[in-house]
Number of protein chains: 2
Amino acid sequence: MGRGGGEGALGAWFDMCQHRHMSNAKALPLLEPAAEPCCPPLNERPLTADEAERTAVMFKALGDPVRLRLFSAVASHDGGEACVCDISDVGVSQPTVSHHLKKLKEAGLLSSERRGTWVYYRVEPAVLAAMGQLLTKAATA
Amino acid sequence: MGRGGGEGALGAWFDMCQHRHMSNAKALPLLEPAAEPCCPPLNERPLTADEAERTAVMFKALGDPVRLRLFSAVASHDGGEACVCDISDVGVSQPTVSHHLKKLKEAGLLSSERRGTWVYYRVEPAVLAAMGQLLTKAATA
DNA sequence: CACCTGTATCGACGGACGTCAACATAGACA
DNA sequence: TGTCTATGTTGACGTCCGTCGATACAGGTG
């Protein structure tokens, strides 16, 4: 629970990425901390067991249709933020929605905040970008 | 089994993407068919049940640590292609390796070809790029 | 305070998944 | 043909996971 946001596996994964990134990042200052490349692309070298273990958590979180719809619903909402009541129309019961949102939060893809009666979830742009470059860099390299 | 490559869920997913892409693609010719953007980014609009169902298959395929290591091993090999014997050192038995490679193939992420004694797996760059843009476009938009 | 609404947690059930040993198949070679 | 190596398939087992109803918690309203 060191940094703000999720309290799940993202912390370790992101820290791992930052650590690796730091070894060859010397000239770039601290602007745009969310859009920077991060972590070895999948085709740079075979992932270690640790890297795979942590990275798989995030892919697994998006590997369920209901979670993918929930995540997309949050991400496509204004400001990348949505109340649970706005996105819970995905064909499963309310406890199941809550369960999946918790999973996405544990994977570090979403963070939540209670404001009055309602709870709002929003996406973590940095992680999204990191995951994307994991794939796009692999595709274009 | 219409197109070359995998025979799994990729076919439907890619076709779905192409179909959608065709509706707003009028001015671009057929160069770089593999690097083109494809499918709505996750933050463009909430995914439908069908879209989520098909897309989740690919994320789920990368949601297992062993499969992620196998995929990374293939992708990082020369030419994006590797013999099974080169990548099967991931700490599980040979049948399990074969099982996971089959899953990756069914998800459309890998294709396989037998050449003599050995079987070679290689990545599908188009799908990789499509998945990446699903995330990077969502991250930067 | 009581009551209502929105969200999270608990406990249980059924199905999917990762794993293995045993066996089957494909090709190379003698 | 037989044998050896490389890979895929089968069947079984244990565990994880998605789902639900019931219940608990939080906050607003009266």
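Read-outs throughout are calculated quantities, based only on the coordinates presented, and are distinct from any laboratory measurement. Predicted, not measured: the structure shown is a model, and the values here were computed from it. Backbone-built Cβ (ideal geometry, glycine too); neighbour counts: all protein chains shown.
Residues checked against (1) assigned to a loop (DSSP other than H, G, I, E, B); (2) farther than 30 Å from B:Ala52 by Cβ; (3) within 13 Å of another protein chain (Cβ to nearest Cβ):
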position: B:Ala82; (1), (2), (3): no, yes, yes
position: B:Asp86; (1), (2), (3): no, yes, yes
position: B:Val92; (1), (2), (3): yes, no, yes
position: B:Thr96; (1), (2), (3): no, no, no
position: B:Lys102; (1), (2), (3): no, no, no
position: B:Lys105; (1), (2), (3): no, no, no
position: B:Gly108; (1), (2), (3): yes, no, no
position: B:Ser112; (1), (2), (3): no, no, no
position: B:Val119; (1), (2), (3): no, yes, no
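Scanning region B:57-79 for residues that are more than 7 Å from chain A (Cβ to nearest Cβ), touching a residue at least 12 places away in the same chain (Cβ under 8 Å) and within 17 Å of B:Trp118 (Cα to Cα), which turns out farthest from DNA strand D (Cβ to nearest atom)? Full working, then the answer.
Restricting attention to region B:57-79, the residues satisfying the condition of being more than 7 Å from chain A (Cβ to nearest Cβ) are B:57-58, B:61, B:66-67, B:70, B:74, B:77-79.
Filter again for touching a residue at least 12 places away in the same chain (Cβ under 8 Å), leaving B:57-58, B:61, B:66-67, B:70, B:74, B:79.
Now restrict to residues that are within 17 Å of B:Trp118 (Cα to Cα): B:70, B:74, B:79.
On the way: B:Leu70: 11, B:Val74: 12, B:Gly79: 16 Å.
If we take residues in region B:57-79 being more than 7 Å from chain A (Cβ to nearest Cβ), touching a residue at least 12 places away in the same chain (Cβ under 8 Å) and within 17 Å of B:Trp118 (Cα to Cα), then B:Gly79 is farthest from DNA strand D (Cβ to nearest atom).
Among the residues of region B:96-107, are any of a type outside the set (Phe, Trp, Tyr), more than 26 Å from A:Ala61 (Cβ to Cβ) and surrounded by fewer than 23 Cβ atoms within 10 Å (Cβ to Cβ)?
Initially, region B:96-107 is screened for residues of a type outside the set (Phe, Trp, Tyr), giving B:96-107.
If we keep only those that are more than 26 Å from A:Ala61 (Cβ to Cβ) as well, we get B:98.
Narrowing the set further to residues that are surrounded by fewer than 23 Cβ atoms within 10 Å (Cβ to Cβ) leaves B:98.
Yes, region B:96-107 contains at least one residue that is of a type outside the set (Phe, Trp, Tyr), more than 26 Å from A:Ala61 (Cβ to Cβ) and surrounded by fewer than 23 Cβ atoms within 10 Å (Cβ to Cβ).
Could you identify the single residue in A:Leu68, A:Leu104, A:Leu109 that is more than 9 Å from DNA strand C (Cβ to nearest atom) and touching a Ser or Thr at 6+ places or on another chain (Cβ under 9 Å)?
A:Leu68
When B:Glu124 is evaluated against the numbered criteria (1) acidic (Asp, Glu); (2) surrounded by fewer than 21 Cβ atoms within 10 Å (Cβ to Cβ); (3) more than 8 Å from chain A (Cβ to nearest Cβ); (4) closer than 27 Å to A:Val127 by Cβ, which criterion, by number, is the only one it fails?
Going through the list (1) acidic (Asp, Glu); (2) surrounded by fewer than 21 Cβ atoms within 10 Å (Cβ to Cβ); (3) more than 8 Å from chain A (Cβ to nearest Cβ); (4) closer than 27 Å to A:Val127 by Cβ, B:Glu124 breaks only (2).
Hey, can you tell me all the residues within region B:99-117 that are polar (S, T, N, Q) and farther than 22 Å from B:Leu128 by Cβ?
If the condition is that a residue be polar (S, T, N, Q) and farther than 22 Å from B:Leu128 by Cβ, then B:Thr117 is the only one that fits.
What is the number of the single condition among (1) in contact with a Gly (Cβ under 7 Å, 6 or more places away or on another chain); (2) buried (at least 24 other Cβ atoms within 10 Å of the Cβ); (3) closer than 25 Å to A:Leu70 by Cβ that B:Gly63 does not meet?
Here B:Gly63 clears every test but (2).
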